[in-house]
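Scroll down for the structure; my scribbles are underneath it.
Bear in mind that the values in this text are calculations on the coordinates, not laboratory data. Because the structure is a prediction, the values reported are computed rather than measured. As a convention, Cβ positions derive from the backbone with ideal geometry for all residues, glycine included, and neighbour counts pool all protein chains shown.
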Amino acid sequence: MNVEEMKYFSNELLKWYDQNARILPWREHPSAYRVWISEVMLQQTRVNAVKPYFERFMKECSTIQDLAHISEDKLLKLWEGLGYYNRAKNLKRAAQIIEEKFGGRLPSDRKCLQSLPGIGPYTAGAISSIAFGHKVPAVDGNVLRVMSRVLANKEDITCTAVKKEIEKIIYKILPEKRAGDFNQALMELGAVICVPNGAPKCTACPLSPICQGYQQGIEEKLPIKAKKKKRTIEKKTIFLLVYEEYILIRQRPNKGLLSNMWEFPNVEGYLSNQKCKEKMQQWKIDVKQILPLNSSKHIFTHKEWRMIGYLIIINKKPKELKGIWVTKQQILDKYSIPSAFQHYLKILFLQ
DNA sequence: AAATCGGGGAT
DNA sequence: ATCCCAGATTT
C-alpha cells in the first residue's frame, strides 16, 4: 500500500466510523478502568454477550480498589456464564498489582500494560490507544480478517509472524490523533461489514476502492486459517443428590477446566441404574429413591461432554462426602455453576 | 507452534 | 455440524 492509499484508508475508515459507530456501554464515559474491563470481557466473546455482564460488573465493582478486594465468590458470580474464568481471576490479580506498583492507576504504556496478568498484545494496545490515545496497534481477529482481505494476503493468519507483520502495517496507517477510534473502527468494520463465514458486505464498505481482495474477487476465500483439530468426547454421569431442601455441590480444583467453579458430583462414564445404586452404596448414601434423568451435552472449544444423570433422593445427610449442602437460593446468590450443568440445574429448580 | 480455556450465535 | 468471536497463558 502506498502513502496515498494509507491516507485514504485512515480517512475513509474514520469517516465511516463517525457515522456508524454503535452505541455501546463501555463507550459511555470511557475511563481506563471501564476500557480495561470491557476489553477483557470481549476477549473471544461477542459484543452482545458482554453488554449485560459489563453493566452489572460496573455496578457491583466500579473501581480498581473494589476489584482488588472483591471476594472470589462474588467475582466468579459476576463472571458466571461468560466463560474463560481465568480472565476474572487475572483481573483481580492485576488490580492488586496496580494498587501496589502503579499507585492505583492503570499504566498507559503498552509494554507496561502487557506485564499485567490477563493483558496480552491485543488488550494492551486497545487500552493504550482507546483510553490514553497512544498511537499503538490493537490487532484482534476482526483486524486480521479485514487486513488479509484488503491486502489480499494469503498467509495463514494463525501464525505469529503474520500477526506481527499486520501489526507493523497497522502502525504505519495509524493516524497521529485518533488511534483509539481507528482501532475501534477497524474492529467495528470487521464485525459489521467485513464479516466472516460467507459474503462480506463489500458494497457498503468504505475500503472497497482500495481492497485488493475485493478487486481480485477473492474476498470470500480470505482469510486463510489452519484447520482446527477435532474435539474429544467425554462421557459423564451427573448426580443430583437431594436431601429435604438441600442439594449437594462441590468445588472444582483451582486449576484446569472450569477451575474453582461449583458442580454437581459426577463420575466419568455412563452408569447404569444398577451401577448408580452401587456407587451410592460405595459413598455410604442412604438412598430413598433414584430417578434417571434425560441426557444432555455441552460443547467446549476442545472437548464435548455427553452426560446422563440421576436424581437421588436420600434419607440422611452422609458425613464424609466431599462437597457442601446448599439450598437453591444459595446457588442463585453465591455459588457459580458453569453452563455445562445448566440442563441438570434446571431440573433441580423444577423439583 | 500447539494445546488449553467457555459459551453462544450465525451459517 | 462448523466457524468464530475486540485472546491470553501454558506447554
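With a cap of 13 neighbouring Cβ atoms within 10 Å, and only residues DSSP puts in a loop, list the trypsin sites (Lys or Arg not before Pro) found in the stretch A:31-110.
A:ARG46, A:ARG105
Hey, can you grab everything whose amide H is under 5 Å from the amide H of A:GLY309? Only 5+ residues off in sequence or another chain; H modelled, so Pro and N-termini drop out.
Those qualifying (amide H under 5 Å, at least 5 residues apart or on another chain) are A:ILE238, A:LEU293.
Using the Cβ atoms and a cut-off under 10 Å, what net charge is assigned to the surroundings of A:TRP26, where Lys and Arg are +1 and Asp and Glu are -1?
Result for the local shell: 0.
Quick one: putting +1 on the C-beta of Lys and Arg, -1 on the C-beta of Asp and Glu, what dipole do you get for the stretch A:80-239 around its Cα centre, in Debye to the nearest 20?
Computed about the Cα centre, the dipole is about 620 debye.
Choose one answer from A:LYS317, A:LYS172, A:LYS229: the residue with the largest mean-square fluctuation in a GNM of chain A with alpha-carbon springs under 10 Å.
Result for chain A, Cα springs under 10 Å: A:LYS229 fluctuates most.
First select every other residue whose beta carbon is under 14 angstrom from the beta carbon of A:PHE182; then total the charges, Lys and Arg +1, Asp and Glu -1.
-1
Given only helices, namely DSSP H runs of n ≥ 4 each adding -39500 (n - 2.57), what is the per-residue ellipticity at 222 nm of chain A, to the nearest 500 deg cm²/dmol?
So the helix-based figure for chain A works out to -13000 deg cm²/dmol.
Dipole size in debye (nearest 20) for chain A around its Cα centre, Lys and Arg Cβ +1, Asp and Glu Cβ -1?
Dipole about the Cα centre, nearest 20: 1160 debye.
In a shell of Cβ-Cβ distance under 15 Å around A:LEU106, excluding A:LEU106 itself, what net charge do Lys and Arg (+1) and Asp and Glu (-1) give?
Taking every other residue near A:LEU106 into account, the sum is +2.
Say we join alpha carbon atoms closer than 10 Å with springs in a Gaussian network model of chain A; which of A:SER296, A:SER108, A:SER148 then has the biggest fluctuation?
Most flexible of the set in this elastic network: A:SER296.
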